[in-house]
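The values are calculated or read from the model by the stated rules, or taken from the named source; none is laboratory data. Because the structure is predicted, anything quoted here is derived from the model rather than measured. Because the Cβ atoms are built from the backbone with ideal geometry, glycine has one as well, and the counts that use them run over all protein chains shown.
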């Protein structure tokens, strides 16, 4: 469960102050798919960064599974993020000179997972994104779609409870982007991870159970799709 409580983020001071987020509150249940939507400058990425502890709010707090991120020291929050969260970005951020295997291994090294457990988990993650045969290939030799799949393998290797994806298909053609999105939703179901996607794509947002639309740093609309159980109860 993620609880976002009265989050405000202001940059600058006095006459130069700019409020990127203005009193944002929402709750996200475990395993949900969430789209944060809005135009450029609406506060989408800022909200994601604060929800994940990559940035700190000027006011308010974020609670993840009962842990208040803003009450943690920097080293504690780094460790918490390494154990509980993963990130997928538009720019991939894979290490081109390293092999696919080495790229996916990195989160396990940061989380200090025992060496004997690492190989199987890396190979399982590569298999999940259909890159097993590329394990020993340099990341720089992959196509754009393969690099994004590699980034996803790296994101899921530590079996995170939370996956944050910031415009994950922004550098891909539409066909490849569709495959990446299908993969993310498949992983959401398989791992039961909460998936939070920052996007300007309304079609992608429509696939998510929760759609948070931001405008000028405020929630313009919040749509939660009914679950099958809810629909079944309504029919009764």
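Take segment 84-123 and flag every residue that is assigned to a helix (DSSP H, G or I) and free of Cβ contacts under 8 Å to residues at least 12 places away in the same chain.
Correct list: 102, 109, 115, 116, 117, 119, 120.
Looking at (1) surrounded by fewer than 19 Cβ atoms within 10 Å (Cβ to Cβ); (2) in a strand (DSSP E or B); (3) under 15 Å from the mean Cα position of the chain (by Cα), find the lone condition where residue 198 falls short.
Of everything listed in (1) surrounded by fewer than 19 Cβ atoms within 10 Å (Cβ to Cβ); (2) in a strand (DSSP E or B); (3) under 15 Å from the mean Cα position of the chain (by Cα), residue 198 misses just condition (1).
Is at least one residue of segment 153-165 in a loop (DSSP other than H, G, I, E, B), within 15 Å of the chain's Cα centre (by Cα) and free of Cβ contacts under 8 Å to residues at least 40 places away in the same chain?
yes
Can residue 127 be described as in a helix (DSSP H, G or I) and surrounded by 14 or more Cβ atoms within 10 Å (Cβ to Cβ)?
So residue 127 does not fit the description; no.
Any idea which of 179, 235 is over 25 Å from residue 44 (Cβ atoms) and modelled with pLDDT under 95?
Within the list 179, 235, the selection yields 235.
Residue-wise test of (1) touching a helix residue (DSSP H, G or I) at 6+ places or on another chain (Cβ under 8 Å); (2) loosely packed, with under 13 Cβ neighbours inside 10 Å; (3) at pLDDT 95 or above.
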{"position": "10", "(1), (2), (3)": "no, no, yes"}
{"position": "13", "(1), (2), (3)": "no, yes, no"}
{"position": "36", "(1), (2), (3)": "yes, no, yes"}
{"position": "65", "(1), (2), (3)": "yes, yes, no"}
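Which ones in segment 67-83 are assigned to a loop (DSSP other than H, G, I, E, B) and surrounded by fewer than 14 Cβ atoms within 10 Å (Cβ to Cβ)?
Across segment 67-83, the qualifying residue is only 73.
How many of the residues making up segment 186-195 are touching a residue at least 12 places away in the same chain (Cβ under 8 Å) and surrounded by fewer than 16 Cβ atoms within 10 Å (Cβ to Cβ)?
Count: 2.
Within segment 15-34, restricting attention to residues that are outside any strand (DSSP E or B) and more than 14 Å from the chain's Cα centre (by Cα), which residue is surrounded by the most Cβ atoms within 10 Å (Cβ to Cβ)?
Top of the filtered list is 29.
When segment 38-63 is examined, which residues are found to be under 20 Å from residue 200 (Cβ atoms) and out of contact with any helix residue (DSSP H, G or I) (no Cβ under 9 Å at 6 or more places or on another chain)?
39, 40, 41, 42, 43, 44, 45, 46, 47, 48, 49 - these are the residues of segment 38-63 that are under 20 Å from residue 200 (Cβ atoms) and out of contact with any helix residue (DSSP H, G or I) (no Cβ under 9 Å at 6 or more places or on another chain).
Please go through segment 42-66 and give me each residue that is part of a loop (DSSP other than H, G, I, E, B) and under 27 Å from residue 225 (Cβ atoms), ordered by number.
If the condition is that a residue be part of a loop (DSSP other than H, G, I, E, B) and under 27 Å from residue 225 (Cβ atoms), then 42, 43, 52, 65, 66 are the ones that fit.
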